[in-house]
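These notes are about the structure you will find just below.
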Amino acid sequence: MNPSTDRAGTLARRLSYLLLAASAVLFLLHFLHLGADFPNNSPWVDWSKYTDEGWYGDAAIRHFLFGHWYWKGDFNPATALPVWPAVELLPFKLFGVSPIVARATTLCVFAATLIAFYILLRRFARLHRKDGGPSLAPAFCVFLMCASPFFFVFERMAILEPLLILLTTLAMLAASSMHRCRAPGVPLRQRLLPALALGVLLPLMVLTKTTGLFLVPALAYMVWARAGYRWRHALEMGIPPALLGLALWLAYFVGYVRPRYLEDYRYLFSANAYTGILLEPFDKVVLNTFADGMWMGRVIYPAFFIVLALIIFWRPQLFRNPLKPALLLWATGYVLFLGYHNNLQPRYYLVVAAPVFAFVAMGLDSFRYEFSVRREYAATIVMTVLALGISLPGMKYMLHIATHPTFEFRDAANEVARIVRAEPNHSRLILSISGSDITLMTGLPSIDDDFGTLDLAERVKLYRPGWYVAWNELDDDKMDALTPLYNPVRVAAIPALDDNDRNLLIVYRLDPAPEKTPTPPCISANPRRSRYKPRSASSPRPRSSSTSSSKRLSTDMYVSSGSPWHVAGVKRMPQISAEVRPRSSRRGRPAAARPRNTRYQLFIPSPVLIEVSQG
């Protein structure tokens, strides 16, 4: 072996050990102050810090706290996304239900992701160069992820994206290990196990987060590359795991979901079926989708495009390594989903960040082999310095977050629990958009005030909550659902977090509303002059005819649902033409996300005197 190559290999091996040791220290920092809030005044304004940790783990949380995971009419995402709450079952059983246990579980998933990426990059990093020292790409990748504040923040949250990244990485490993079913000289075990693993991982990805479907093209490319870029062999290798994955998903849906929880399953998709790509100019959507990638890191995100441009225009032969195109397909597939959905939240970019970081690590390692053997030693040092330079700015901010935690949301939730438990004769059930997170932190039962298969008024009537916890204000639609049964009394306002729209947690005690004697909305001064008579109890209520744009209301119908008053007559006209409009909501929820039983308001275009009588 050439002495220069031997020196470069020894240096690369030592640098790899140093980088892995530094990565281990940085990874352990992730466990520091694990119960802290999402950092205030960070570059990432993400709604998940209010809701997602509780929402998507609700099934496991409710199972251990209340004995049943399914609450009819409430938001039950586990019917369509059961994998993450199933993962949380074991740690909750061993250590109890708490945010720290849930987040520690996510960090264990992150540790498995780092190991999987290390193995994957070690397998592929040096296919273009057989001689020389060990590859630095695996160590670069692990170090870049552990030193990233973006990974630090979101891998410490009990959300769905970290598990989706792990399952996709494992699926890449399985796809890269596959063989043809009739490959000569390959043991049966080596032919079956990768195909079985891929067939199981595919439905797990979709049942973890349905957007995992956008990552399937990357896996298909890896199978195609493994088949020697031959379509016939690729189909022979890919069809069996695809059929197995489809069969497992159908078994879950047809055998478990469809007979019991079909309405909840459909509701999750109807609430997320909207797309914002048509709400803005297409070029603006594309620009925002790519510009928001800066959330991954202000240095590594531009570095990704620099590495990509160098490979395309300087060393295109590096794309012969099948992992590089597969990583690009992984990132591109998910970016396409982000642009189509056009609801750009920082946590969604975590799924894109994983292949981006791995691609940069492979690029830095590949470039050091593009020099002569004598210069490889210096190139190894230069590329290691570049990797450190990419990580240092973010590492400084990560250390600041780790050493300056805030506990405002946790303290606010505990204060809510103290207020609720101080009145043992009042119902402890909480109604709140952040109710699931409060349940995870305090153990108090809760239902959601925004999402659910039943209309909010019906949920309130069914579950009879005793408290309403709102952010900053009591919305009109929530007030309309509560006032028929309750009189909300404001008892506390607790500052928490930094969002201008959600930085004050307001606690309302829901006291029973006093019974009111019904009064007519309008009574004629001389009812005897009416040409119409009150409807008798035996006469049937006539149906109202409807058109595509309005509903024509008969003169003989109830004034409002449940009211003992009915229309007795109308001056000057025998029939009223009125327009029925859905109630507006300041949340701006799209029509597809609106529950079935939406409340409606009646708008009468001209003043009409209506005579009513009590029936």
Using alpha-carbon positions, the gyration tensor of the stretch 257-402 gives root eigenvalues a ≥ b ≥ c; with a/c under 1.5 called rounded, otherwise prolate if a/b exceeds b/c, else oblate, the class is prolate
The alpha-carbon center of the stretch 465-484 and that of the stretch 227-274 are separated, in whole Å, by 39
In nm, the gap between the two label points placed 7 Å beyond Cα toward Cβ at TRP47 and VAL257 is 2.1
For the pair ALA422 and LEU485, the simple spin-label estimate (label points 7 Å beyond Cα toward Cβ) gives in nm 2.5
The local net charge around ALA234, scoring Lys/Arg +1 and Asp/Glu -1 for residues other than ALA234 whose Cβ lies under 12 Å from its Cβ, equals +3
Output ordering of 277-289, 479-491 (per-residue mean of other Cβ within 10 Å, highest first) is 479-491, 277-289
Residue separation between PHE95 and PHE319 times 0.36 nm, minus their alpha-carbon distance, gives in nm 76.0 nm
With a ≥ b ≥ c from the Cα gyration tensor eigenvalues, square-rooted, and the rule rounded for a/c under 1.5, otherwise prolate when a/b > b/c and oblate otherwise, the stretch 1-160 is prolate
Reduced to Cα centres, the span from the stretch 85-122 to the stretch 143-175 in Å works out to 10
Computed over the stretch 353-397, protein heavy atoms only, probe 1.4 angstrom, the accessible area per residue in square angstrom equals 38
Ranking ASP292, ASP501 from most to least accessible area with a 1.4 Å probe gives ASP501, ASP292
Expressed in square angstrom to the nearest 10, the accessible area of LEU90 with a 1.4 Å probe stands at 110
Everything considered on the Cα gyration tensor (a ≥ b ≥ c; rounded for a/c under 1.5, else prolate if a/b is larger than b/c, else oblate), the stretch 234-276 must be described as oblate
Between ASN503 and PHE282, Cβ-based FRET efficiency (R0 35 Å, step 0.05) works out to 0.55
Surpassing 24 Å at the alpha-carbon level, of the pairs LYS284/LYS324; LYS209/LYS396; LYS209/LYS461; LYS72/LYS461, are LYS284/LYS324; LYS209/LYS396; LYS209/LYS461
Over the stretch 18-93, with neighbouring protein chains present, the accessible area per residue in Å² at probe 1.4 Å is 38
If the chain between ILE312 and PHE337 were fully extended at 0.36 nm per residue, the gain over the current Cα-Cα distance would be 6.5 nm
Given a Förster distance of 35 Å, the FRET efficiency implied by the Cβ-Cβ spacing of ALA513 and LEU246, rounded to the nearest 0.05, works out to 0.10
Expressed to two decimals, the stretch 138-266 has a Cα Rg over Rh, using the Kirkwood radius, of 1.04
Here FRET efficiency (C-beta to C-beta, THR10 to LEU388, R₀ 22 Å, nearest 0.05) is 0.65
Between the modelled labels at ALA378 and ALA183 (7 Å from Cα along Cα→Cβ) the distance in nm is 4.2
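The values are calculated or read from the model by the stated rules, or taken from the named source; none is laboratory data. Computed from a predicted model, the values in this text were never measured in an experiment. Please note: Cβ atoms are built from the backbone with ideal geometry, for glycine as well, and neighbour counts cover all protein chains shown. When the accessible area is computed, the model is the full protein with side chains, heavy atoms only, and any ligands, DNA or RNA have been set aside. Shrake-Rupley method; radii C 1.70, N 1.55, O 1.52, S 1.80 Å.
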